[in-house]
1. For the range 94-148 and the range 28-69, what is the centre-to-centre distance using only Cα atoms, to the nearest Å?
2. Arrange the peptides 15-26, 125-136, 90-101 so that the one whose residues have, on average, the most other Cβ atoms within 10 Å appears first.
3. Could I have the simple spin-label model distance between residue 73 and residue 14, label points 7 Å from Cα toward Cβ, reported in nm to one decimal?
4. How far apart, in nanometres, would the label points at residue 36 and residue 153 be if each is projected 7 angstrom from Cα along the Cα-to-Cβ direction?
5. Counting alpha carbon pairs within less than 8 Å and at least 6 residues apart, what relative contact order, in whole percent, applies to the range 8-132?
6. Taking a temperature of 20 °C and a viscosity of 1.002 mPa s, what whole-number D in µm²/s does Stokes-Einstein yield for the chain with Rh from Kirkwood over alpha carbon pairs?
7. Please find the FRET efficiency linking residue 103 to residue 133, where r is the Cβ-Cβ separation and R0 is fixed at 35 Å, and quote it to the nearest 0.05.
8. Could you check the simple spin-label distance between residue 80 and residue 27, using points 7 Å along Cα→Cβ, in nm with one decimal?
């Protein structure tokens, strides 16, 4: 996943819930699908209701499998059960069709207020699918949290390598 999912791209959603995955995102999905072959369509995992954001979240097959493996490596108990149930119940494996599209289920488009357009937001290791107005509101909240600071200054608090 050389550069991962990046950019903000808006696509139309048709009446059947079909939406085109941006071409650059499809390339990342293909690179993260161990079964992908040239000329074939990549697969992905779409999660909903996992991270608390009002959006759908897309992962490569490898990224979803890595999360699953972390949960399966946990000792048996309530935390493992909660995470495993939540991940399994809130994730949908999808194949991208020959036109570069996926179908968003009606219950999900209603829950996440996705109507005729959707904005795809790259977040390097994952991407989000938002209703454009909801995304703008969420972005305004994040911008307000930074409160005029140089966002890159937040990196100064990170210590790399110890």
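1. The distance from the Cα centre of the range 94-148 to that of the range 28-69 comes to 15 Å.
2. Per-residue mean Cβ counts within 10 Å order the peptides as 125-136, 15-26, 90-101.
3. Inter-label distance under the simple model: 4.3 nm.
4. 3.9
5. Normalised by residue count, the contact order of the range 8-132 is 36 percent.
6. 125
7. E(calc), rounded to 0.05, equals 0.95.
8. Distance between the two pseudo-spin positions: 4.1 nm.
Every number in this text was worked out from the coordinates using simple rules, so none of it is lab data. Owing to the predicted nature of the structure, the values given are computational and were not obtained by experimental measurement. We place every Cβ from the backbone using ideal geometry, glycine too, and count neighbours over all the protein chains shown.
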